[in-house]
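Read the structure below first, then the notes.
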Amino acid sequence: MSAKADVQRCADMLKKAGSDTEKFAALLMVTKLVNAADCGEEERKQLFDAIGFKYLLRMLGSPAPPGCPPELFRSIALTILSCFSQDESVSGSPAMAEAVPLICDVLREASGDEEQLVMLSDGYQCLEAAARAGGPARAALLAAAPVTLLVDVICSTLCGAEAAWRLLRRLLRAERAAVWRGRPELFTRLMRSLTMDLQLEETEQRWTLCADLRVALLSAPEPLPESEPDQWRRPLLDALLTMLTSRLTAQQRGPVLLLTAAVVEVLGVRHTALEPDRQRQLVMVYTNLFCIEIRMGLEDRTLAQAVKHSELLTSSFLVLEKMFEMLIGESPIEFDAKQRQQLIVAMRGACGAVITFLTAVMKEDAPELSRTQTMFIYSCIRVALAWLAEETAYPDEVLHLVPFLLRMCTETFEMRRQQSAAAAAAEVPDLLRMLLPALCHLTADDRARYVLLMLDCDQTLIEYFHHRWELAAPLLSQPRPAAQLDDPPSEPVQALTTVCGCLMNIVVMEADRVTASSEFLSLQRFLVQQLAGVDGSHLLLRSNLTVLGLLLLHRHAAAARQHQTELVRFAQAAVRFLWDAHNVDDSLNQQSVVVATRYRGVWDDLKELWFLGLQVLSQLAAEVDWLAEFILDSGWVTEIVRMFGSVRFGYAEESVIKAFEGFLVSLARASPAALEAVKAADGEKVCRTHRMRELAALVKK
């Protein structure tokens, strides 16, 4: 009899069954008469429809018929369901979502004996199909909380551990940290078990364990669960150092480096679990290996060739980015001079290979890029931008690449604007945001700025400023919590601050272009209107906005001559920023002119802004009649003279004295009333004490 005839006969028997007992008997006949390998899709569907999903659900959740062992009853149900679950119509159906918790219950109750291996395998196969199908089936799988069961089986190396890990690995790849929600201790337990296996394993299985650990580590919940270093961090790092310093074949190097990159991504470069010497050794070893990997993967390679190794290369790029962040951070690892030089040479070599590769890609007359190729190029650009952000002198090769970098970064900006924020973040990196630190240097370089302005980079920056303002606006009107005032600004606020720096370079160095630009005039009006709404606790951003606004007012002085309400409020904010920066009260024994306490935490970033702002305000006071009168009416002139009059010579920085002297000279020349105010505050004595010769000449007149 043919397979088709057997299927038809069994289907008829199943349909004619009048009770569950009769259907079970017919089902036993199916297992004897039908070979799954001989059934096509049509035959499988015919059989499954005859059996019915509801009957299988009852088999999984109901007692076995009299005389039938419960294990056998459920085992048959799982065998049948695993056979059909490979069809998407079955694995993705609502009924599969109902079956998932029942299957989990069966697996929990299993003893883990070898005799139950087939049942366990079938059960995990069904759950894998549910995970693969997604939708309601995967949601039901996560709701059934099988993670506890899976970790128990894996860590206890019970029968079925391999199948359990296969399912967990699929869940971790799909759901990442969401799998551990509410159960972070399970993550720690799994990492401890896998790390112990990695330490003990000396066969080829070790490289498979590297891949498993990487999957687990990349699913780490945030924040990372607290645990003792000895539980898994230190053993993992020790094992990595041992493997990275041993002789690795090409096949072994990949899994170890991928795991290392995951460690860097999750734990960072600084590993407090290790002793300082071993930490430095680990970082030195893997940085050099990743740099070599980048050069091997990119030098003399086409885009198509390089993409074949994209997983390892993009992981290498990530490590380099983290290394740049660490080296310029507040507390970098303390390498000795030789080690630091070795790192810099290796990293520059790797970044040079990236720049050369991108230059070749730019010149390729390639057809439309695939998504994989596009994302790989984005990864190359990311690490290139991280490097350019730290360099201040650019070779010709970099300048030739600037148009390509700006075009790609602008394209991602436009793509993100057109998509929802969540979708954009998942698919397209904000390369323009990553370009900003490099643009701070590039816009200060005459050759690079010329190239950028030929490409209308200033218009792109203004558009990006407004885009970022919309994202940051809800934060700007709210005061920062007192406990966070010494912390770095949030990312949206930091991005706005960096855009301001790029725009200031252009405003200062390209006077004619800015003066003739309607876009810059609109930006000036926007700043004048919005500054007052930015809470004073965002000190660094307010300072940047203030000085940028002053610079734009100077370039568009005609607009500043109008005595508008918005301009008065802006002038109040500008004067307050400059006035509050120095005083005597915050000094020891109140005997020196010092930076105000509120400004000290960010003074390294504010210092140049303050000097520039005071200089520009001096120029504006000479150009705008009402502004000089406004400053005088504020009482600041008198307060400056009194402040210096209260301290002896040498108790104020010379650069601060010169800055204030220049400001007072400009005001005195612009306004006779300002000169009289200086005299009335005993300005002549102050000029003698602090050797303000230029101001003294005006006072004596």
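The values are calculated or read from the model by the stated rules, or taken from the named source; none is laboratory data. These numbers were taken from a predicted model, which means no experiment stands behind them. FYI the Cβ positions are ideal-geometry reconstructions off the backbone, even for glycines, and counts take in every protein chain you see. SASA here: full protein model, heavy atoms, side chains in, ligands and nucleic acids out. Shrake-Rupley method; radii C 1.70, N 1.55, O 1.52, S 1.80 Å.
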Any idea which of Met362, Met375 is more than 24 Å from the chain's Cα centre (by Cα), within 14 Å of Cys409 (Cα to Cα) and open to solvent by 50 Å² or more (accessible area, probe 1.4 Å)?
Met362
Take Ala673 and tell me if it is more than 21 Å from Arg561 (Cα to Cα) and open to solvent by 10 Å² or more (accessible area, probe 1.4 Å).
no
Qualifying positions in segment 123-181 - without any contact (Cβ under 8 Å) to a residue 12 or more places away in the chain, farther than 26 Å from Glu222 by Cβ and of a type outside the set (Gly, Ala, Ser)
Thr157, Glu162
Hey, Glu222 part of a loop (DSSP other than H, G, I, E, B), touching a helix residue (DSSP H, G or I) at 6+ places or on another chain (Cβ under 8 Å) and exposed (fewer than 15 other Cβ atoms within 10 Å of the Cβ) or not
yes
Meets criteria (within 24 Å of Ile80 (Cα to Cα), part of a helix (DSSP H, G or I) and touching a Ser or Thr at 6+ places or on another chain (Cβ under 6 Å)) for Ala140
no
Within segment 529-543, residues over 16 Å from Glu470 (Cα atoms) and open to solvent by less than 10 Å² (accessible area, probe 1.4 Å) come out as Ser543
If Val493 satisfies all but one of (1) open to solvent by 30 Å² or more (accessible area, probe 1.4 Å); (2) of a type outside the set (Ser, Thr, Tyr); (3) in contact (Cβ under 8 Å) with a residue 24 or more places away in the chain; (4) farther than 26 Å from Ala559 by Cβ, what's the number of the condition it fails?
(1)
Taking into account only those residues within segment 378-397 that are in a helix (DSSP H, G or I) and either among the acidic types (Asp, Glu) or without any contact (Cβ under 8 Å) to a residue 12 or more places away in the chain (or both), which is surrounded by the most Cβ atoms within 10 Å (Cβ to Cβ)?
Glu397
Counting only residues in segment 398-418 that are surrounded by fewer than 17 Cβ atoms within 10 Å (Cβ to Cβ) and free of Cβ contacts under 8 Å to residues at least 40 places away in the same chain, the one farthest from Arg382 (Cα to Cα) is identified as Gln418
If only one of Gln339, Gln279, Gln305 is part of a helix (DSSP H, G or I) and exposed (fewer than 13 other Cβ atoms within 10 Å of the Cβ), which one is it?
Gln305
Among the listed residues Leu267, Leu259, Leu200, identify the single one that is buried (at least 21 other Cβ atoms within 10 Å of the Cβ) and either closer than 17 Å to Leu318 by Cβ or without any contact (Cβ under 8 Å) to a residue 12 or more places away in the chain (or both).
Leu259
